[in-house]
Structures are given as C-alpha cells and as structure tokens.
Amino acid sequence: MKKILLAATAVALLPLLFACNKNNGGDTRFEDPRFVQYAGQLIPCSDPTPTKTVLIETPENTLHSIELTESGVYAVGTLTEGRLSYKTGTYSVDGQAYNLAGYGTLRFDNSSTGEVDVLIDRPGQEAEIMRANFNRAKGSDQLYRGWTVDKTRVTIKGWTTASADFQGCNFYDIAKFIRDNGHDVPDDITPGMALSSISFTGTEKILFAYTDGTGDAGEFRFNGSSFTYRWDDEKMGFTFLTDQATVEYMDGKCILTISASIQDSTTSGSVTFVLSPMA
Amino acid sequence: MKRTIILSLAALFLSVSAGAQVFDHLSIGLGAGTDGLGIELAAPLGNHVDVRAGYGTAVGLIGYTLNGIHLPEHPANPNSSDVPVPMKMGFGMNDARLLFNIYPSATKGFHFTVGAYMGAPSFIRGKLINMPSDYNTMGIDVDGYLVKAKNGVLATELAAPGLGGKSFAVKPYVGIGFGRAVDRDHRVSFCFDLGVQYQGKAGLWAEGESVTGRIEKVQLTGEHIKEIGDVMDEVSKYASFWPTLSFRLNVRLF
C-alpha cells in the first residue's frame, strides 16, 4: 500500500517536470500598415508641361519632395537658400485625396507610378496644379511602415562598456549624456529634437519625424537584417550616428541599432531604438 | 525547483522495483552543515544501501565582507577614477539532493556516500554595496543586457554548474559518514557526513535587462570589469570543489 501511494504521487507530479516553458519571444509578425496601398513619393518635375501647370516655387523656397509613408506620416521637403528642410505630420486618404494635417490637401491619380498632375490646395492660398513624378511604394517588407520609439538605449565604450536607457528618444538628452561622460559631441543639437516616429518606406526613404513638426529624411539600402542610409542633406542627422544599422524583431518590437562613433576620437558605441509599429 | 522535487520523488519511486526489503521503512531527517539547512526522506534498499532524497537551502547564512574590488565611478567615462566597492557575501545554495549511503556492514553505521546535489547553480550570494550613483541610472553592458544597481546595491551570485548548465546545476558528491539514515532498531538516529561536491568552474552572475525588458542572468567577467576577472580567477582555484560537512537527526516514520 505504501509503495502504491508513493508511486502514484511520483506519477501525478511528473507533468510539473515539463511545465517550465520559457518564452523565447517567438517569431514577430506585424499587420500591414493602413496606407500601404496609398504610400509613395512625389517629386516635382524639373520641366513643367505647357498646360495648366504652375511650379510651387517662390523666390524664397522650392518644393523638393513629398513623402507619403505607409503608416500615414508625411514629410514635405523644401529647399530654402540651398538648405533642405522637412515639415512632418500625419495624413489621411479619401480615394485620391490626401489630407496632410497642417499643410493642405493633395489630389492626384495614385493608381500607379508615373507622371501625375497634383492639385495642391493649401489653407489661405489659391489652389495650384503641380506636375510631378509619383513613385508608388512597393511594400515588400514589414520594416516599411512608421514606428514609434518606446525606449532608446545608448551604449558607449568608456572605462567599460556602459549603457543607459531613455524613455522615447530625445537626441538632445542623448548628446548631453555622451558629453557628460567625457566624450566630445558637438553641442549643435537643440532641445526640441525629440523623435515622434521613424518611418521606412517602400520607396527606400528613411524619415525621422520630430515632435516640433520638423524632420530629417534620407535614402536607405536594406538587405533583410542590416542597412546603410544617407541623409538627403549632409547637414541633416547627428554627428555621433554612423550610416550603419541593423534591424531585428523581438518580443513584439522592432529593435533598430545604429552604430555610433565620434569623429576624431576613439569613442564608439551604438544607439538602439525599441520601436512599436504604427497602424 | 519543480524538477528537483520530481527527481527526488522519482528516486523513491524507482526503488519500488529494486527487490526485497525495499520501502519497508521510511525516515525523515533534519540536517545542518555546509550544504545548508536540509530536510530528507530516506528508505533502505536492502541491508547495505539507503537512498536519501531531500532539499536544502542556505541562502543568507554566514556573512563575510570581501574587500579589494574597485569599480569605475563613471563607467561610461574613459577617464574615470575607480572607487573601492566592498562585497557582502553569504551562502547561497538552494538545491535538492539524491544520495546513496553504502554500508560495508549490515549492522554498523559507517558508510560511503555517492550521489548528487541538483538545483540552483549559485553557492554564494554577494552584494556589491555603496555602488557609485551612476550605476543606479546606467549600467554595465553585458552581451546586450544592462546590469544596474538598485539603491546603490548590485546583487550578484557566485555560481557553478557542476555537470549541469547555467540554470540547473548537477554537482556530483562523494563522501564518508557515520550513522544510519534509517535505523531499524531505534526510532531516532544521528548521522554525520563529510565529503565534497564537484562544482566545476565558478563565475560571477547578475541580473541584466534586455532592451525589450527581458530579465536574464548574465556572467560578469574581466572583459567587463578587469578586477572582477582577477577576483574570479582566484576564487575559481578553490571553488571547483565544495567541502560538505553535515549533521542530521533522523526519525524513523515506520
């Protein structure tokens, strides 16, 4: 009887041996962003057609490009006295009408890549037509969407390899942290440079949108897990970020790591963004 | 923890099929020693072998302060000066044991013991106290995991896997002893055991946090902080074998 009781107890507790199931993060997949079929890039044609076309140009500035990302973030690039700058915000779509919050409405045939006439209607201004090349985004990777920044981890090699975590991403705070720890970072980063989103588009554009409505944009080349990028204007971006980056997916997040180094210094490290997908 | 309990009971269960005079008696023992405070069940496998299965812990017992560790005051600063950081240490073992007493004589208490201790790899807990304030907000990067202090204290543990792995150690044991784990003639008996556990190469471990918030134990080495590597090289010379001296009071249940 005693032997039977002991045997029964051992057998009953056997499942506990296999109950420890460590969650290793699994395979992360995201739903398609909501504007994947509307996303693309508008580049004004350099030579206007002779019929009803007006270039959006004043002596002070020239429209350079309009980026329309898969997650509803837009960036309007303007050349002012040779310096390129971006205005960013969110947009919505109603058929062939794009409503860019804080900018205006664009109407054009978005059915395919090619030359289009874009009707631009801005508040307080007369509607104008612009001839432009529409490059429709090819959505072939789940990286191509907007991402919000949950956390930023800055790793630098000092006395030892040390890291610090920041909520969101404020490049001013990051530069200050690096500088306060004995590394020579230029102090030209303004306090307002906090990221509201990072976007990668199927037209191979990378876009940093900041909370003050400005942005930095560039081109990137992606090979599945790593990419290189180049800002549209050499004055854009941050001196401590290199052009090398890696992407991986873990625990429902996108982990974007950009290598960091300080020019004319042995300082090296990385800036890692923990990103959540935008719809 | 679950696996150690099951393995202990499985050992008792296996002895059901061992033959005559098996599980005719059962005793419970309470012990203390360098393997911690423990509780065991024991049963005879014939006249010459007793099987013992139990659990012991020594977390927090015995205190010692290790001096001589220096850490950079500002870990991210290449020109940082270093500051002394004492480590308060105490026993940290927490494991199950499955042991076999082998008695040359059917009636005498002298025995040899073979078996294994299984469970948490840690055997000493160490707290680095008075950590510089930088370590509360930033930390040491260990393979992508951030090791930080909490309120100026960085909790670490000296751990060794024996023949097991990072999360579950299996430390073989051999020794000698006096006294029977299951005394057929007396209800209460007393045992003394002296032996050694093989632990393997010891390392210093701490909890680190990944970028996504996952917590894992990571190993601190000289690659991260040179002086830790120097201290561990010294510790490793002596920690591969853990001396085990224990005293145990057994009560025969039936």
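The values are calculated or read from the model by the stated rules, or taken from the named source; none is laboratory data. What you see is a predicted model; the values in this text were computed from it and never measured. Note that we place each Cβ from the backbone using ideal geometry, even for glycine, and neighbour counts take in every protein chain shown.
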Looking only at the stretch A:190-211, filter to residues that are outside any strand (DSSP E or B) and modelled with pLDDT of 90 or more; which one of those is surrounded by the most Cβ atoms within 10 Å (Cβ to Cβ)? A:Thr201
Let me confirm something: among A:Phe227, A:Phe273, which residue is in a strand (DSSP E or B) and either touching a helix residue (DSSP H, G or I) at 6+ places or on another chain (Cβ under 8 Å) or more than 13 Å from chain B (Cβ to nearest Cβ) (or both)? A:Phe227
Taking the stated definitions as given, is A:Val247 crowded, with 21+ Cβ neighbours inside 10 Å and either within 14 Å of chain B (Cβ to nearest Cβ) or more than 26 Å from A:Tyr38 (Cα to Cα) (or both)? no
For a quick check of your reading: which strands (runs of 3 or more DSSP E) sit entirely within the stretch B:39-97 and have at least 1 residues that are surrounded by fewer than 20 Cβ atoms within 10 Å (Cβ to Cβ) and away from chain A (no Cβ under 13 Å)? B:49-57, B:63-66, B:82-84, B:87-91
So, in the stretch A:228-256, how many residues would count as being over 20 Å from A:Ile189 (Cβ atoms) and in contact with an Asp or Glu (Cβ under 9 Å, 6 or more places away or on another chain)? 5
Of the residues A:Ser85, A:Ser71, A:Ser163, which is more than 14 Å from every other protein chain (Cβ to nearest Cβ), among the hydroxyl-bearing types (Ser, Thr, Tyr), outside any loop (DSSP other than H, G, I, E, B) and crowded, with 16+ Cβ neighbours inside 10 Å? A:Ser85
Of the residues in the stretch B:100-115, those that are within 17 Å of B:Ser189 (Cβ to Cβ), of a type outside the set (A, V, I, L, M, F, W, C) and at pLDDT 95 or above number 4
Would you confirm whether any residue within the stretch A:230-241 is surrounded by fewer than 20 Cβ atoms within 10 Å (Cβ to Cβ), farther than 22 Å from A:Arg34 by Cβ and within 14 Å of chain B (Cβ to nearest Cβ)? no
